[in-house]
Each structure stands twice: as C-alpha cells, then as structure tokens.
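Some notes on the structure that comes next.
Please treat every number below as a calculation from the coordinates, not as lab data. Since the model is a prediction, treat every value here as computed from it, not as a measurement. Glycine also receives a Cβ, built like all others from the backbone with ideal geometry; neighbour counts cover every protein chain displayed.
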Amino acid sequence: MKAFIFCTSSIEKNSETHDMSRYNRWIKFYEPLLKRFNAEHLQLIDDSGSAYDADIAYADNFLPDVHPESPHIYRFDKKLGRTSQMQFPGWWRSYLFSIEFARKYGYQKIIHIESDFFIFSDRLIDFIAQLDSGWTSLYSIFYDHPETAIQVICQDQFSNFDDFKKQIVTEDYMIESFAEKIIPFTNIETRFNGDRFGEELVLAAWIDRYRHRMQKLDYFGQIILPAKLQVHSRS
C-alpha cells in the first residue's frame, strides 16, 4: 500500500519546545526508516507557525499537482492554536487535513506519528508496515485510552475519516472533548509497550507498576527536549 508518515506541527522561532530543532529531530529519526515502514514520504502539517521556509509553504487549501520532495512542510495561513485544555482547533485542522494529501497524491495508508513520539522496536515498525486495513491506534496503559499520537488509517477507513472530519469541521474545530474519546478507531492495539514518558506521573507509574514491560519498550512519547540542548559525541 502506498503510504506516508505525517505529524502535526506549530513551528515557532522563539519557543523552547516548538522551534525547528524539535521537528528536525523527528525528520532525522524517521527519514532513514521510511522504507522500513513501507512509506514514501514525510509530511509536516503546520498550524501557521512563525518559523518556516517560504519555499516549502503553501497557502490554505492549495496542494500542488505533484507531492513536493520529502520531507515537506505544508503551512496554513491562519493560526488556530489551542484555546483551552480541551480545545485545540489547530491540531484538529492539521490532523484532519492529512486525508487531503492521501486523496491528492494517491496514498492508500496514512501513518500518523506525532513529533514527540519515537518508535524503535522492529516488531512495532513491522506491524505498522504490514497493516492494510482498519483505523488503528496504540494504547496508553496509564490513561487507559487510545494513544492518538501513533495511529494508522488505511484506505478502507477513508470514508469514515471523511465523515468524522465533516463533524469536526461543522464545529469549527472547537470540540469539547479529547481526541482519545471521540476518534472512531476500529482497533486499539494493546500489545506494544510504551507511553507518554515525558509526563512525570506516567514515568513514575511505569517504574513502580510496569517495570517488567519497560524491559521491552517499543516506543516512547511526549519526549520534548529544550531547543538549546546540544549532544556532543565523545572523542
């Protein structure tokens, strides 16, 4: 199946957590893995951040006839952002716009991996690469809900995705519910080990309760590193 990997973004010039270094880290991590995922393209869908390269940004609702070279950033002209803990219209718009890329460029599978989530086990990469049906998410054992930051939408679910998108757009993306509660996944995959370890309570719970599962981690999430952090190799 022809597939692409995308994340949502809000690339800001003066942000400790959302400057371009965050997204460059995601690109550098996943670009060498594209073939492993059976994917062809890395895509960022940006909520009108203040930092971007103009030659890879396009106006609202315009997609070129040929998908620009990977990795590519699509930027909306107007920022929607996040208005409250539960309302994040900027994320909803970027997330739901992924179906437009699939339809425009003939993709049959959408792989969504957020920019602070990293997959490093062969078995999870292989699982995602081999999926050919359904709308699948991973699972947060701490929160006991679907992990929306890693999900796969296959072509048989595109019409359901369209219907779901229409519901959200009708509300101007101002949804009084968390995505984990309302996205209509057909499968929530619980066998893989990982969680939002960037949250202290989540990490503490795993150390205290799920230590045996930490020995075989498949992914980790919400790992946000300061923009100024530099990694120096040892001589």
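Considering the convex hull of the alpha carbon atoms of the chain, report its projected area averaged over all viewing directions, in nm², one decimal.
Values: hull surface 54.7 nm².
Projected area, direction-averaged: 13.7 nm².
Lys and Arg at +1, Asp and Glu at -1: add these up for the other residues within a Cβ distance under 14 Å of Ile5 and post the number. Can you show the working numbers first?
Numbers: positive: Lys2, Lys28, Lys35, Arg36, Lys109; negative: Glu31, Glu40, Glu114.
With Lys, Arg at +1 and Asp, Glu at -1, the neighbours total +2.
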Task: Mean Cα-pair separation over length for the range 3-221, i.e. relative contact order, pairs under 8 Å, 6 or more apart, % - done: 20 percent
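Just the C-alpha atoms of the range 122-163: what Rg/Rh do they give, with Rh taken as the Kirkwood radius? All intermediate terms of the calculation are to be shown ahead of the outcome.
Details: Rg = 11.5 Å, Rh = 11.3 Å.
Reported Rg/Rh, Kirkwood definition of Rh: 1.02.
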TODO: Indicate, rounded to the nearest 5 percent, the antiparallel portion of the DSSP beta bridges found entirely in the chain.
DONE: 45 percent
Task: Rg followed by Dmax, in Å, when the range 175-222 is reduced to its Cα trace - done: 12.9, 38
Open item on the list: List the lysines whose Cα sits under 20 Å from the Cα of Lys2, skipping any in the same chain fewer than 8 residues away.
Closed with: Lys35, Lys104, Lys109
Task: Per-residue ³J(HN,Hα) for the range 119-125, Karplus 6.51 cos²θ - 1.76 cosθ + 1.60, θ = phi - 60°, Hz, x for Gly and Pro - done: 9, 9, 9, 4, 5, 6, 4
Task: Kirkwood hydrodynamic radius of the range 1-137, from inverse mean 1/r over distinct Cα pairs, in Å - done: 15.4 Å
Task: Low-density loop positions, GluC sites (Glu not before Pro), the range 1-110 - DSSP coil, at most 10 other Cβ in 10 Å - done: Glu69
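Gain in length, Glu100 to Ala204, computed as 0.36 nm per residue apart minus the alpha-carbon separation, to one decimal in nm? Please list the in-between numbers first.
Details: separation 104, 0.36 × 104 = 37.44 nm, distance 3.95 nm.
Full extension of this stretch gives 33.5 nm more.
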